[in-house]
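Report on the structure given below.
Values in this text are rule-based calculations from the coordinates and carry no lab data. Quick caveat, the model's predicted, so the values are computed rather than measured. Note that each Cβ is placed from the backbone with ideal geometry, even for glycine, and that neighbours are counted across all protein chains shown.
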């Protein structure tokens, strides 16, 4: 009796259809959820471009499918970047990280700005600003806070690399202080959804001290703020030069930070057993794919991402016009955090393994790239393709961002945490979401 040689290999064998730990499985280095969501991308592209007149599905369904399709694509892009960087020298790895690290968000933001420019609708620019702020606040508060809570339930006290977290905190202080300076009142700040300014002050004497207002407070009617008042003197002479200057300085600071963390001082990112109680050796990048395979997957995922972003911006307009929810809230939640769900899952997995340093580093890296790469690229993009995007944030965005960064630095000072400190970060994040939820939509939207 001869034996028949096996021509295949068992990759995964499950004896039960459902198990809460199936999220840990991977096929060829790819998480099983990302593999299962890949057909959703094909369904989204077919419905979006074949059913252009919404005969089969509505715009809301297409927008939801396009947004969900971004999740597996962002995961594939991140895996490809990690594989290429691990097999390349410092210069190539830094260029790949700087070029494709924010491609998921930039694809959506640029397509939204182009669509808003063609339609003459400034609401798209406001949505982009809200999404940028939501990503920053979410990655600074929600991602590390959630990881601290989940990891703290299993481990009484967790320690992390305070030196590496301090590098990210310093870059965040620099970037928030630079990018959001134009949003401060007195330098082009719009004042947010509740500010009042007027170019037509009341002239009637009784309008300053009306009988129904015994305290003598000013009453403002038809109030507005426009950067282009007086032929745009304030914007073109003061705000725009500052925006361009900061947008050139911050990417340079980001490259210096990459050189510092990956080349000259890479030892501060080594995770020692005595620091984090982690068994095993120092953390090193895992190569799942070859360099050429990762490059092909990166390019294909980027193309599919562009198509899904185009569909999302094409079908978001009915949601913005028909929804009673503030557009600020839609931007800082759905558009900001859905593309980051794969990174949130990775951070939770690291926290459960008592490796909180990597969980914190995930949130810091995304937040730093928002301020030091995404916003400057959007500003420089408007030079070559004029849009109605101006880097002037409302007071609501400014205060939320600055308060989040200050609170994060306070929590990260001692290099250790527990579930209570994580709960504080998460609760502050929910409070900010409540502020955005009850805030009125931007004027004109």
- Message: For the ranges 334-342, 364-372, what's the packing order if you count other beta-carbon atoms within 10 Å of each residue, average per peptide, and put the highest first?
- Response: 364-372, 334-342
- Simple spin-label model, 7 Å along Cα-to-Cβ: residue 56 to residue 430 in nm? 4.0 nm
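So how do 127-139, 245-257, 51-63, 308-320 stack up, highest first, on mean other-Cβ count within 10 Å? Could the numbers behind the result be given before it?
Details: 127-139: 26.5, 245-257: 16.2, 51-63: 13.3, 308-320: 20.8.
For the peptides 127-139, 245-257, 51-63, 308-320, the packing ranking is 127-139, 308-320, 245-257, 51-63.
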- Provide the gained length on full extension for the span residue 87 to residue 306, in nm with one decimal, where the gain is 0.36 nm per separating residue minus the Cα-Cα distance. 76.2 nm
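How far, in nm, would the chain grow between residue 324 and residue 296 when pulled straight, counting 0.36 nm per residue and subtracting the alpha carbon separation? Kindly include the intermediate steps, with their values, before the conclusion.
Values: separation 28, 0.36 × 28 = 10.08 nm, distance 4.24 nm.
Extending this stretch completely gives an extra 5.8 nm.
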- Percent of all Cα-Cα pairs per 5 Å bin for region 297-348, counting from 0 up to the last occupied bin, reads 4, 16, 18, 24, 18, 12, 7, 2
- region 45-87 and region 307-341 have their Cα centres apart by a whole-number Å value of 14 Å
